[in-house]
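**Student:** Structure below; questions to follow.
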Amino acid sequence: MRVLLGLLAATAILHADAASDLKSALRGLASKQAVRLKVVQKGWDEEEGKREAFEETFVVADGPEGVRVSDGKARTSPRVKGHRGDGTRTFVRAQEALLEDLAEAKLLEDKADTLEGRPVRRLRFAVDPDLSDEDRAHLKRAVSECTVWIGADGLPVAWQRNLDLKVRVLLVVSMDLKLDLRRTFQRHQDRLVVISETVAVKGQAMGHPFAAESRSVGRLEP
């Protein structure tokens, strides 16, 4: 029994170290070097069967003046806002968005894995769904997780957020939401930038269905 307890304690310590090491690596990225990222974004929003497609191209720059967007604007579905952070800052300061997501996260799994043929370390976390007190009082189902794939340098190469919520008040008011969001990253000097992002969301609010999908591709510019 003592051996088993010791093994369990050692596993918990290793898991804690994995999460701490990841956060330390992210905090070490200062984002002081200037960067320009051109983003092409395509997708659609649908509500009650009416679909609207969109395509945007914009440049996100970060330098002494802070984060700026030019040559267009980022498009974010209203159903996704609040579950992905600032849609522009995230593209060029991805490490900050990751730290925010992991601030109160609980590590569930730490495994060796492969991603696009490369060996990686995969960490899976339970994260807070970021709901109001009123929504929490009527919550019927909540699955809120994120997965981070870490490369040989200790920094994330990909991240995925999964959210599945069901809120119901009596038999009249209800809301269901499923969100799948995935990003891949590239290290550029002292920061992480997003080189691809896919978003899929669907659900219903008081019987009215909605859905949205988008894909964004980022390319570094001189």
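**Student:** If I ask for residues that are surrounded by fewer than 19 Cβ atoms within 10 Å (Cβ to Cβ) and in contact with a helix residue (DSSP H, G or I) (Cβ under 9 Å, 6 or more places away or on another chain), which ones from region 187-206 would you list?
**Tutor:** Correct list: H188 only.
**Student:** Pick out the one residue from G72, G66, G85 that is exposed (fewer than 12 other Cβ atoms within 10 Å of the Cβ) and at pLDDT below 95.
**Tutor:** The match here is G66.
**Student:** Still on this structure: For region 172-180, state whether one or more residues are closer than 30 Å to Q33 by Cβ, at pLDDT below 95 and open to solvent by 50 Å² or more (accessible area, probe 1.4 Å).
**Tutor:** No; the residues of region 172-180 include none that is closer than 30 Å to Q33 by Cβ, at pLDDT below 95 and open to solvent by 50 Å² or more (accessible area, probe 1.4 Å).
**Student:** Right, here's the next one. Give all pairs with beta carbons closer than 8 Å in which a residue from region 11-37 that is more than 17 Å from T90 (Cβ to Cβ) and open to solvent by 70 Å² or more (accessible area, probe 1.4 Å) meets a residue that is at pLDDT 80 or above and in a loop (DSSP other than H, G, I, E, B); count only pairs at least 6 apart in sequence or on separate chains.
**Tutor:** Cβ pairs passing all conditions: D21/G154; K32/D190; Q33/Q189; Q33/D190.
The values are calculated or read from the model by the stated rules, or taken from the named source; none is laboratory data. Bear in mind the structure is a predicted one, so any value in this text is a computation, not a measurement. Glycine also receives a Cβ, built like all others from the backbone with ideal geometry; neighbour counts cover every protein chain displayed. Heads up: the accessible areas ignore ligands, DNA and RNA and are worked out on the full protein's heavy atoms, side chains in. Shrake-Rupley method; radii C 1.70, N 1.55, O 1.52, S 1.80 Å.
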